[in-house]
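First comes the structure, then the notes that go with it.
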Amino acid sequence: MISSVLGGMPMFWPGLLLSLVPAALLNRPVGRLLRAHWVVGFLLLLGLGGVVVSTLLPEAFELSEGAVRHCTVLGGRWRSPGELLHVRDIELKLATYVPVGFAAALAGNRRRVAVALLGAAALPFTVSAVQYAVPAIGRACDVQDVWDGVQGVVLGAAVGLVAGPVARAVRARSRAV
């Protein structure tokens with residue numbers, strides 16, 4: 001089922017592989033900037049790469065020359081947990097934002113977490129603005145995509161806010177032994 005969803009996005013796998021390169025090269029500086037472990041930097045960069053690949057790259061290999069600039073602003077809503085169990089294009093886009101929210105929730109102290117979470121929550125709005133401003137990529141902005149992105153960030157942040165203290169406790173316990 002996932003392959004049928006990704007069949008409409010031929011740039012997804014090559015783009016995701018290409019986003020591994022900056023994630024591998026820049027994870028330590030980003031981790032230091034966030035005052036977090038390098039794995040957090042890696043997840044953040046890889047998550048951002050996934051967002052770019054799934055939302056900003058053209059859906060076909062050639063750029064769309066005659067794209068029309070438009071935004072759908074009606075009909076956006078928060079998805080129910082039952083809807084999230086069915087893998088479709090929208091849920092895949094939602095899932096690309098989860099690592100960004102997760103990494104933002106692990107960004108060091110409370111101030112950095114708050115700033116990172118605000119930035120992560122602003123990301124879906126920024127993506128839609130770019131989709132509107134650059135019609136050549138052939139992507140139309142949609143308020144449901146914004147809702148899905150924010151929901152993905154919230155889900156990832158919730159998991160990160162729970163996992164962070166658990167990981168710190170495990171790390172502290174292993175140092176004590």
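The values are calculated or read from the model by the stated rules, or taken from the named source; none is laboratory data. The structure displayed is predicted, hence computed values, not measured ones. Because the Cβ atoms are built from the backbone with ideal geometry, glycine has one as well, and the counts that use them run over all protein chains shown. SASA here: full protein model, heavy atoms, side chains in, ligands and nucleic acids out. Shrake-Rupley method; radii C 1.70, N 1.55, O 1.52, S 1.80 Å.
Mind checking whether some residue in the range 119-137 is open to solvent by less than 50 Å² (accessible area, probe 1.4 Å), out of contact with any His (no Cβ under 9 Å at 6 or more places or on another chain) and hydroxyl-bearing (Ser, Thr, Tyr)? Explain how you work it out, then say what you get.
So in the range 119-137, the residues open to solvent by less than 50 Å² (accessible area, probe 1.4 Å) come out as 119-124, 127-128, 131, 135-137.
Next, only the ones that are out of contact with any His (no Cβ under 9 Å at 6 or more places or on another chain) stay: 119-124, 127-128, 131, 136-137.
Filter again for hydroxyl-bearing (Ser, Thr, Tyr), leaving 128.
Checking the range 119-137: at least one residue is open to solvent by less than 50 Å² (accessible area, probe 1.4 Å), out of contact with any His (no Cβ under 9 Å at 6 or more places or on another chain) and hydroxyl-bearing (Ser, Thr, Tyr).
Look at residue 57 and say whether it is touching a Lys or Arg at 6+ places or on another chain (Cβ under 8 Å), open to solvent by less than 60 Å² (accessible area, probe 1.4 Å) and modelled with pLDDT of 65 or more.
Numbers: touching a Lys or Arg at 6+ places or on another chain (Cβ under 8 Å): no; open to solvent by less than 60 Å² (accessible area, probe 1.4 Å): yes; modelled with pLDDT of 65 or more: yes.
Taking the combined requirement at face value, the residue does not satisfy it.
For a quick check of your reading of the model, give me the residue pairs whose first member lies in the range 48-61 and is in a helix (DSSP H, G or I), whose second is modelled with pLDDT of 80 or more, with beta-carbon atoms closer than 6 Å and at least 6 apart or on different chains.
Pairs that qualify, where the first residue is in a helix (DSSP H, G or I) and the partner is modelled with pLDDT of 80 or more, are 49/19; 50/96; 51/96; 54/96; 55/127.
Among the residues of the range 126-173, what is the count of those that are more than 28 Å from residue 39 (Cβ to Cβ), in contact with a helix residue (DSSP H, G or I) (Cβ under 6 Å, 6 or more places away or on another chain) and of a type in the set (Gly, Ala, Ser)?
1
State whether the residues of the range 89-98 include one that is of a type in the set (Val, Ile, Thr), outside any loop (DSSP other than H, G, I, E, B), surrounded by fewer than 18 Cβ atoms within 10 Å (Cβ to Cβ) and modelled with pLDDT under 90. Walk me through it before giving the result.
First, pick out the residues of the range 89-98 that are of a type in the set (Val, Ile, Thr): 90, 96, 98.
Now restrict to residues that are outside any loop (DSSP other than H, G, I, E, B): 90, 96, 98.
Checking the rest, the ones that are also surrounded by fewer than 18 Cβ atoms within 10 Å (Cβ to Cβ) come to none.
The answer is no; no qualifying residue exists.
Mind listing whichever residues of the range 99-112 are open to solvent by 20 Å² or more (accessible area, probe 1.4 Å) and either at pLDDT 95 or above or not small (Gly, Ala, Ser) (or both)? Steps first, answer last, please.
Kept after step one, since they are open to solvent by 20 Å² or more (accessible area, probe 1.4 Å), are these residues of the range 99-112: 99, 102, 106, 108-112.
99, 102, 106, 109, 110, 111, 112, listed by residue number.
Here's a check for you: in the range 3-32, which residue that is open to solvent by 90 Å² or more (accessible area, probe 1.4 Å) and at pLDDT below 90 is farthest from residue 101 (Cα to Cα)?
3
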